[in-house]
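> Dropping a structure here in C-alpha cells format, bear with me for questions.
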Amino acid sequence: MEWHITAACRAPRAADRVRAVSSAAAFPRHWITAVAVVLAAAALTFAPSLSGGFVWDDQLLIVANERVRDLAALPQVFGRSFWDVSIASADLRGGSYYRPLIAAAFAVEFQLFGLRAWGYHAVNLALHLACTLLVARWLFARLRADDPGAPPPVAAAALGAALFALHPSRVESVAWISGSTDLWATLFALAALGAWQRGRGLHGVVGATLATLAAALCKES
C-alpha cells in the first residue's frame, strides 16, 4: 500500500518534469526569435545615423583634440577633466566632468576610424543594441523570478526591451557621437544589475561593484 501511494505521488511530478523539459526545449527558440526581432527593429530604426557627421561637442572631443591621436597618452585620461582637451579654453579646463573611460574609448576609436564619422556612429549603434540585449535578459529574469511556475515571460520581456530600444529619448544618445557617454554608462549599469541578479556571494558583489564603478567613470552623475 505504501509503495502504491508513493508511486501515485511521484507520477504527477514526473509528468511535470516532462512538461518542464518540453517547455525548456521550446523556450530558447522563442526567446531568440523575439530578441532578434527587437534588435533588428532597433538597428533599422537607427541605421540612418550611420551617415551622420561630427557635430557640436564632437568637434572638440574628437576632431580637434590632439589627445585622442596618441595611445601612449592613454593613462593620462585618469588624471584630468573630460574637457581638458588640447585646444580647450580655460572655461572648459575648469569643467567638473570626469569621464576617463569615454576619453579612452574616443582615443581607441580614433586609432580605428580616424576622422571617418561612420565608425563612431557604428560603435554607438552597437552599444545601443548591446544595452537592449541586456535589458531584455534582465527583464526576462526579473519577471520569471516573480512567478517561477508561470510560462516564460517572453512577450512581456521583449515588449519592455522594445520600449527601451525604440523610445524617442534614445535618439540623442545613439545618433550623436558624443552621446556615447550615456550608452557606455548604461551598458555598465546594466552589467552591474545582471551581475547582482545572477551572482551568489563574493563573485556577485565584486562583479556588480566593478561594473558600477565603470559606469561612474563613464558619466559622473
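> Under the rule a/c < 1.5 gives rounded, and otherwise a/b versus b/c splits prolate from oblate, where does region 41-176 land using the Cα gyration tensor?
Note, shape of region 41-176 comes out prolate.
> In square angstrom, what is the accessible area per residue of region 153-193 with a 1.4 angstrom probe?
42
> Quick one: with all protein chains in place, what share of the accessible area of region 106-197 is carbon or sulfur, to the nearest percent (1.4 Å probe)?
71
> For region 155-202, place one equal point scatterer on every Cα, skip the solvent, and apply the Debye formula. What is log10 of I(q)/I(0) at q = 0.13, 0.31 Å⁻¹?
Here the Debye-derived log intensity ratios amount to -0.41, -1.07.
> Between region 36-52 and region 114-161, what's the alpha-carbon centroid distance in Å?
Answer, in whole Å: 14.
The values are calculated or read from the model by the stated rules, or taken from the named source; none is laboratory data. Fair warning: this is a prediction, and the values are worked out from it, not measured in the lab. For accessibility, only protein heavy atoms count, side chains too; no ligands or nucleic acids. Shrake-Rupley method; radii C 1.70, N 1.55, O 1.52, S 1.80 Å.
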